[in-house]
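A.B. asks: Here it is: the structure, laid out below.
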Amino acid sequence: MHQIIETLAAKLDKQEKSLQDLDEKVKTIPDSSGKIVEIWKEMHGTFIRHSLPKEEVVTLTAALSENIRIMKTPRTENLIHHHHLSKVIFIAIALVVVVAVLSMAWYNTADNLKQYKASDTKYRFLKLLGNKSIQQLLITTDSLYYCNSVLRDSVLHQEQLKNDRLEMLRLATEQEQSARELRKKAGSMNQ
């Protein structure tokens, strides 16, 4: 402990000596405050001699304020755009649209015609077969079609019911499969 105090005292003495040396060096610096005051007075005089005239500064300030005000409020201009497309271009566009619509209708009609021809060919093929039960079934179906005007609606309804049942069966199968997977997951979590 005594050794620490001696070390601290030695360091303190060293600092005091450094401070005394610094004081002596500061005292040797010449006093220039008089020269600084003279330079300040010369600069002030020069500034006064070279300053701008007050009236011109006021005029310039007013002009700058007016310009700033004008710049802050943007100019509004009403622009009118004229599109110079001739009537011929509009007619050409309309004709292209009409041709496109007619082409789509023509394509759909041709597709329907192909389906009707295919159905007709299948029907004729079945009639040409020598199978009596198929021929009897076709004759009965023809008779029903000609006698009953709502046969087509009935057939479409029955087809829709059949499709609905198939969709329900598909959904039930998917749900059963997902239920099995959930049971497997639940069983693996319990273990």
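Read-outs: derived from the displayed coordinates by stated rules, not from any lab. It should be emphasised that the depicted structure is a prediction, and the values quoted were computed from it without experimental measurement. Methodologically, a virtual Cβ is constructed for each residue, glycine included, from the backbone with ideal geometry; neighbour enumeration extends over all protein chains shown.
A.B. asks: What ranking do 157, 50, 83 get, fewest neighbouring Cβ atoms within 10 angstrom at the top?
C.D. replies: On the way: 157 11, 50 7, 83 4.
Least crowded to most crowded, the residues run 83, 50, 157.
A.B. asks: Kindly provide the helix-only [θ] at 222 nm of the chain, computed as the sum of -39,500 (n - 2.57) over DSSP H runs of four or more divided by all residues, to the nearest 500 deg cm²/dmol?
C.D. replies: Numbers: 6 runs with 161 residues, N = 191.
After summing the helix terms and dividing by the residues of the chain, the value is -30000 deg cm²/dmol.
A.B. asks: With unit charges on the beta carbons (Lys and Arg positive, Asp and Glu negative) and the dipole taken about the Cα centre of the chain, which residue among 30, 3, 163 sits farthest to the positive side?
C.D. replies: Positive-end residue among those listed: 163.
A.B. asks: With unit charges on the beta carbon (Lys/Arg positive, Asp/Glu negative), name the residue among 130, 48, 141 whose Cα is farthest towards the positive pole of the charge dipole of the chain.
C.D. replies: 130
A.B. asks: Continuing with the same structure: Net charge within 15 Å of residue 131 by Cβ-Cβ distance, Lys/Arg positive one each and Asp/Glu negative one each, not counting residue 131 itself?
C.D. replies: +4
A.B. asks: Lys/Arg Cβ at +1, Asp/Glu Cβ at -1, dipole of the chain taken about the Cα centre: which of 92, 190, 65 is farthest positive-ward?
C.D. replies: About the Cα centre, the residue reaching furthest to the positive side is 92.
A.B. asks: While we're here: To make sure I understand, if each residue's beta carbon is the centre and we count other beta carbons within 10 Å, what order do 149, 154 fall in, fewest to most?
C.D. replies: Values: 149 8, 154 11.
Ordered from fewest to most neighbouring Cβ atoms within 10 Å, 149, 154 come out as 149, 154.
A.B. asks: Roughly speaking, what is the stretch gain from residue 14 to residue 67, that is 0.36 nm per residue apart minus the C-alpha to C-alpha distance, in nm to one decimal? Mind dumping the intermediate values first?
C.D. replies: Working: separation 53, 0.36 × 53 = 19.08 nm, distance 6.74 nm.
This chain segment gains 12.3 nm when fully extended.
A.B. asks: What FRET efficiency, computed as 1/(1 + (r/R0)^6) with R0 = 41 Å and r the Cβ-Cβ distance, is obtained for residue 75 and residue 96, rounded to the nearest 0.05?
C.D. replies: Numbers: r = 43 Å, r/R0 = 1.05.
With R0 = 41 Å, the Cβ-Cβ based efficiency is 0.45.
A.B. asks: Rounding to the nearest 20 debye, state how big the charge dipole of the chain is about its Cα centre with +1 on each Lys and Arg Cβ and -1 on each Asp and Glu Cβ.
C.D. replies: Values: 27 positive and 23 negative charges, 310 e Å.
Dipole magnitude for the chain comes out near 1480 debye.
A.B. asks: If the limit is 30 Å between Cα atoms, which of 117/162; 132/162; 122/162; 162/184; 114/162 go over it?
C.D. replies: Working: 117/162 26 Å; 132/162 28 Å; 122/162 23 Å; 162/184 33 Å; 114/162 26 Å.
Going by Cα-Cα distance, 162/184 fall outside the 30 Å limit.
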